[in-house]
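Notes follow the structure.
The values are calculated or read from the model by the stated rules, or taken from the named source; none is laboratory data. Values in this document were obtained by computation on a predicted structure and should not be read as measured data. Here Cβ is always computed from backbone atoms with ideal geometry, including for glycine, and neighbour counts include all displayed protein chains.
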Amino acid sequence: MRSVKKSLWLVSIICASLVSAEVTEEEIARDKAELEAATKISDEAKAEIAAAKAKLSAAKKRIEKVQEHSEEAQYSTKTELSFSDTQGNTDTSRFGLNFHGERKRKKNTMTLDITALQSSSDGVEDNNKWNVLAQYDRDLTKKLYFNYLISYGKDKFSGFDSQFNTGPGFGYKAINTDAHKLNLRANALYSKDEIENGGTNEYASWVAGFKYKWAVAENVDFLQDAYFKSQMDQFENYFVYSKTAIESKINGTFSLGMSYQVDYKNEPAEDKKRTDRVFLATLIINY
């Protein structure tokens, strides 16, 4: 009897184990099915997210393209005026003008610079010159840009009736921070000098220069503009120009400035000096 009871007890344990094993396999199968369903849902969600990102990226590109074509151009101008007049033992007068206009739209920038200087002493004119410079810049990268320039000027007392230059080149924004800005530029040019009392000199030339601006203080800027130009097949025929200036802002529109300009010609016309120097105190109008 005892052995029968023991046998029944063993049979019960074995049956319970089998039932338990069957339940565990069912749970595993159910979990696998749920995992497969969740994986499928996850894959579908990932595909939808990827498609949404692609649509968002395409929409951003369309918006940027529309903005590029619809954005209004930005304009700015800067006018420097200088005038002095003395009377008495010496009668002198001097008038100076510097104008800079800029139009910027996305990657394209067009600038126009006009400079003029006229002075006389005791009623006799001793300085009369002006120059116009037009430039087009096209940004190629964040720092590198294409440049094309055209300039024409007259200087009554330089020995040249007129000087004309035009040609392409490249510029590089070496430094572009709030405190310091440094632009480098080089161009290959066609040049034509109309010499006083007849004669013309047409030649290929090159020019290299830089513009530097330093925000010394909140309302004070230091500026340096310089270039070197030389005839390609006759290096001795070269020109150097430099303008150093300090500007102090009065308000958002008006500033006061002082500038010192040096204009050097290595081969001046006969009986002419190589270097012209001009110091100006100016009223500057920005708008």
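General remarks:
- The stretch 247-287, subset β-branched (Val, Ile, Thr) and buried (at least 16 other Cβ atoms within 10 Å of the Cβ), residue farthest from residue 194 (Cα to Cα): 284
- Residues in the stretch 101-133 that are closer than 23 Å to residue 176 by Cβ and in a strand (DSSP E or B): 101, 102, 103, 104, 105, 108, 109, 110, 111, 112, 113, 133.
- Count of residues meeting criterion [charged (D, E, K, R) and assigned to a loop (DSSP other than H, G, I, E, B)] in the stretch 228-287: 8
- If the condition is being out of contact with any Pro (no Cβ under 8 Å at 6 or more places or on another chain) and assigned to a strand (DSSP E or B), then the stretch 134-148 contributes 134, 135, 136, 137, 138, 139, 144, 145.
- Any hit, the stretch 146-159, residues being assigned by TED's automatic domain parsing to the domain that holds residue 111, in contact (Cβ under 8 Å) with a residue 60 or more places away in the chain, crowded, with 18+ Cβ neighbours inside 10 Å and closer than 26 Å to residue 275 by Cβ: yes
- If you check 94, 103 for being buried (at least 16 other Cβ atoms within 10 Å of the Cβ), among the basic types (Lys, Arg) and in contact (Cβ under 8 Å) with a residue 12 or more places away in the chain, only one passes: 94.
- Residue check, residue 165 at pLDDT 95 or above, at negative phi and more than 20 Å from the chain's Cα centre (by Cα): yes
Residue-wise test of (1) modelled with pLDDT of 85 or more; (2) assigned to a strand (DSSP E or B); (3) not assigned by TED's automatic domain parsing to the domain that holds residue 246.
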| residue | (1), (2), (3) |
| --- | --- |
| 49 | yes, no, yes |
| 55 | yes, no, yes |
| 59 | no, no, yes |
| 62 | no, no, yes |
| 81 | yes, yes, no |
